[in-house]
Each structure stands twice: as structure tokens, then as C-alpha cells.
Amino acid sequence: MKIKAKIKGDIVKVKALAKHDMTTYNQAEKKTGDRNNANFITHISATVNGNVIFDASTSQFLSKNPIFKFQFKAAGIKKGDKIEMTWVDKKGNTKTDSSKIK
Amino acid sequence: MLRRNFLKVGALAAASAVVVPQLSATDFRATKPNTWTAHTVDDAIKALYGAITPIESGVTVGAPKVASNGGAIPVNVKSDIDAKTVAVFQDANPEAAVIVFEMNEGAILNYDIKIKMGKSGTITVIVEGKDGKFYVGKKTLEVALGGCEG
């Protein structure tokens with residue numbers, strides 16, 4: 001996962017790209033003949049200093065390699081703090097990456 | 001106390017613990033499974049929030065009028081409403097739900113995502129305010145090349 005986080009004034013802006021095929025049920029059926037082979041990110045969240053600042057339950061209709069841009073208040077957060085993001089997909093795979101806030 | 005009753009009480013306590021708003025993440029796929037299998041936007045909203053009459057104001061949905069690639073349509077959701085949750089739906093795909101954001105302390109309601117749409121349709125965004133009211137924003141767009149088969 002690529003994560004870019006930057007403090008701008010009193011807000012932190014984050015751009016994150018998760019590498020995932022995001023296979024829909026229809027795509028899985030077409031390619032493998034079985035709808036159950038669909039696999040996509042079902043939940044993604046981000047934490048800074050132990051606080052959850054972004055949290056989303058997702059479906060198969062996000063694009064392939066989905067991009068998330070979000071913002072949060074910078075109160076109590078400084079440059080160099082770590083932002084950590086984790087996703088879980090339908091098959092139970094999970095990935096965690098982190099990046100320093102610039 | 002009988003063991004059976006004790007277990008029941010325990011299960012109830014665990015269930016109610018999930019409903020209480022908290023800082024940690026809520027998995028809406030687990031708590032509201034019917035939202036994700038609903039075929040129409042109305043059914044999905046009903047499954048997620050119950051029977052609601054959202055107010056048509058305060059929610060801005062940004063998307064191109066004509067999307068050349070239905071596989072990655074940039075969508076922006078923005079609002080000044082003090083929100084608890086934000087849910088994005090569309091009516092072009094087999095199921096309606098796309099994403100449900102949970103707003104935690106410090107989160108700002110300004111999200112950019114990329115979504116797939118198989119054909120032209122309307123994106124519907126519901127914002128659940130902390131005031132207990134619901135707000136809705138919509139955006140209709142044309143999709144030149146569908147993104148669900150590729």
C-alpha cells in the first residue's frame with residue numbers, strides 16, 4: 001500500500017493506494033465460472049498514535065487498486081508521527097503498511 | 001444462575017457492545033450484512049439505516065458528467081454536516097452498496113474514492129448526522145465504457 005500523508009495548516013491530508021484486484025462476483029464468474037472466487041477489500045482503516053482517524057467498510061465496486069483520499073484534524077499530531085493503514089479482504093488476507101506524516 | 005441463562009446474558013452484552021458508538025472500528029459488513037446484498041439503492045439504505053426520510057441538502061457529490069472509464073470513476077463526497085456515518089450507493093451495478101465510512105473524532109467529511117459502474121446511473125450518498133437526521137446528495141452521470149465486466 002502506498003500512503004502519503006501531509007500536514008497542511010490544521011489538517012492532515014492523506015492519499016492512499018491499496019494494491020488489490022477488487023474482483024467482483026460477475027468478473028469471478030466470467031473468468032473462473034464460480035462467483036465465490038470474487039475477492040475484494042471489505043474493510044480499511046487508518047490510525048495515528050493509536051486513534052482511528054479513517055474507517056470504511058467497502059464493497060466490490062471500488063476500482064481496481066482503489067485510491068482513498070481523506071482528511072482529518074491535525075490537533076495533537078505532528079510531523080514525523082506514524083500513520084498506519086490496514087485492509088482486510090473477503091478471503092481473509094490482510095495487509096498493514098505505515099508511513100511518516102510529512 | 002443456570003449456565004444456559006448466563007450464556008444468553010453474555011451474548012446479549014456482547015451484541016449491545018457492538019451497537020454502542022466507540023472509537024474503534026465498526027465492520028458494517030458484519031453488523032449490517034443485508035446492506036451489501038441489496039439490489040436497489042432503496043433496499044440497501046433500508047438495510048443499513050432502517051426506514052428513513054433523508055433531507056435533500058448539505059451533501060455534495062462530485063463526479064464527472066461523462067465517465068470515459070467505468071472501471072475507475074473518481075467520486076468526491078463533501079459536507080459540513082457533523083456526521084456519524086457516510087454511505088455511498090449507486091444503481092448501475094448488480095448490488096447497490098459501495099462504501100460506508102465511519103466518522104471518528106477529528107475526521108473531516110471530504111473523501112475521494114474511485115468506484116466501478118457497469119453503466120450510466122446515479123450515485124446516492126447518505127450522511128447520518130450526529131443530530132440523528134439523515135441527509136442525501138445525488139449525482140447522475142453517464143458511463144461511456146462499463147467497468148464491471150473487464
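Brief remarks follow.
- Residue check, A:LYS19 at pLDDT 90 or above, more than 17 Å from B:PHE101 (Cβ to Cβ) and of a type outside the set (A, V, I, L, M): yes
- Sole exception among (1) modelled with pLDDT under 90; (2) in contact with a helix residue (DSSP H, G or I) (Cβ under 8 Å, 6 or more places away or on another chain); (3) among the small types (Gly, Ala, Ser) for B:ALA87, by number: (1)
- Listed conditions (1) at the interface with another protein chain (Cβ under 9 Å from one of its Cβ atoms); (2) more than 15 Å from the chain's Cα centre (by Cα); (3) among the small types (Gly, Ala, Ser) are all met by A:GLY50, apart from (1).
- For segment A:66-96, a residue qualifies if it is more than 7 Å from chain B (Cβ to nearest Cβ) and surrounded by 15 or more Cβ atoms within 10 Å (Cβ to Cβ), and the qualifying residues are A:ALA74, A:ILE77, A:ASP81, A:ILE83, A:GLU84, A:MET85, A:THR86, A:TRP87, A:VAL88, A:ASP89, A:LYS90, A:LYS95.
- Just one of the numbered conditions (1) surrounded by 19 or more Cβ atoms within 10 Å (Cβ to Cβ); (2) touching a Leu at 6+ places or on another chain (Cβ under 7 Å) is not true of B:ASN69: (1).
The values are calculated or read from the model by the stated rules, or taken from the named source; none is laboratory data. Every value quoted in this text rests on a predicted model; they were computed, and no experiment measured them. Glycine gets a Cβ as well: all are built from the backbone with ideal geometry, and neighbour counts include every protein chain shown.
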